[in-house]
Amino acid sequence: MNDHPSDEELGGLAVTLARGAAEVVRDGRRTALEVTSKSTATDLVTVVDRRSEAWLIGELARLRPDDGVLGEEGGARPGRTGVRWLLDPVDGTVNFVLGIPHYAVSVAAEVDGQVRVGAVCDVALGETFRAVLGGGAYLDDAPLGLAQNARDVPLAAAVVGTGFGYDRDLRRRQGAAVAALLPDVADVRRLGSAALALCYVAAGRLDGYFEAGLHEWDYAAGALVATEAGCVVAGRDGRPAPEFTTATRPALAAPLAELLARTGADAVL
Ligand code: IPD
């Protein structure tokens, strides 16, 4: 069966799903958290991550039963329509556990392997970043674009976001790379949600971002938001990928890529 809804339809659904799951997460924060770990002792998951993903998958089963799904907490089902949903039910779980108000629900849909819509809902602030391929990026109802949002500063004055994985040896290499590049930028931020960091580049709240070792559900929606806002989203081979993902406005793309290569930040995996 080949049932491709319009991108606008998929984009609207991505926003509805991200906001609905954000409500589930918000409610969950009011109760005692059951916290366990996943890939390593520092890779946390809560009952709320699982509840949020179950809610998303339940809604998709009801509304788009033949689409494929890939969720961070193990929800996976093959589809028959060419549409696949990439779900991060809580991106920034460590912040969520600590009560740091910086975590989000990220929902993207790809059609025949190409990400076409994405929505990232900041649970605590209630902001929703959204984009449709070729249709621009928005923060709630305000368009996001370089003209409105980006600062025009050289790399030496840029504030650049990054993040670290959960594997100890990877973290050692990531820490060394950040130490090497820190003198060549104004500052570095590790905010704790890759999805939001990409949206923050789109909104001009960060001048750039890079991270190795992300998963598709971490970056699919945020990468589309940043691209549609006019940013260059790339990786080691020019495309965002789990091995390496970067985002910045066009004028900083080459200098940032050069710095990341020179300091080995793009080769920690
Ligand atoms: C993590 C966050 C974090 C990033 C990690 C991700 P999670 O996702 O996005 O900022 O540095 O690489 O795994 O585990 O909170 O969904």
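For segment 1-116, with all protein chains in place and a probe radius of 1.4 Å, 53% of the accessible heavy-atom surface sits on carbon or sulfur. Using bins of 5 Å that start at zero, the share of Cα-Cα pairs per bin across segment 45-182 amounts to 2, 8, 13, 16, 17, 18, 14, 8, 3, 1, 0, in whole %.
Highest mean packing first, where packing is the average number of other Cβ atoms within 10 Å per residue, the peptides 137-146, 36-45, 224-233, 12-21 line up as 224-233, 12-21, 137-146, 36-45.
About the Cα centre of segment 154-218, how large is the charge dipole given +1 on each Lys and Arg Cβ and -1 on each Asp and Glu Cβ? Please answer in debye to the nearest 20.
200 debye
Distance distribution P(r), the chain, all Cα-Cα pairs, bin width 10 angstrom from 0: 7, 32, 36, 21, 4, 0 percent.
Taking the protein heavy atoms of segment 136-195 in the context of the full set of protein chains, the accessible area attributed to carbon and sulfur is 53 percent at 1.4 Å. With all pairs of different C-alpha atoms in the average, the Kirkwood value for the hydrodynamic radius of segment 19-67 is 11.9 Å. Per residue, the solvent-accessible area of the chain (1.4 Å probe, heavy atoms of protein chains only, all protein chains present) comes to 42 Å². For segment 134-148, backbone phi angles converted through the Karplus equation (6.51, -1.76, 1.60; θ = phi - 60°) give residue-by-residue couplings of x, x, x, 10, 9, 10, 6, 9, 8, x, 9, x, 4, 4, 7 Hz, Gly and Pro being listed as x. Computed over neighbours whose Cβ is under 14 Å from that of Pro255, the net charge equals -3, Lys and Arg +1, Asp and Glu -1. Set the Cα radius of gyration of segment 101-191 against 2.2 N^0.38 Å, with N its number of residues, and you get 1.36.
Just so you know, the Cα atoms of segment 110-246 work out to an Rg and Dmax of 14.5, 42 Å.
Within the shell defined by Cβ-Cβ distances under 9 Å, the residues around Gly74 carry a net charge of -2, with Lys and Arg each +1 and Asp and Glu each -1.
The values are calculated or read from the model by the stated rules, or taken from the named source; none is laboratory data. Since the structure is predicted, the reported quantities are computational estimates derived from the model, not experimental observations. Virtual Cβ from ideal backbone geometry, glycine too; neighbours counted across all protein chains shown. Remember, those area values only see protein heavy atoms, side chains included, never the ligands or the DNA or RNA. Shrake-Rupley method; radii C 1.70, N 1.55, O 1.52, S 1.80 Å.
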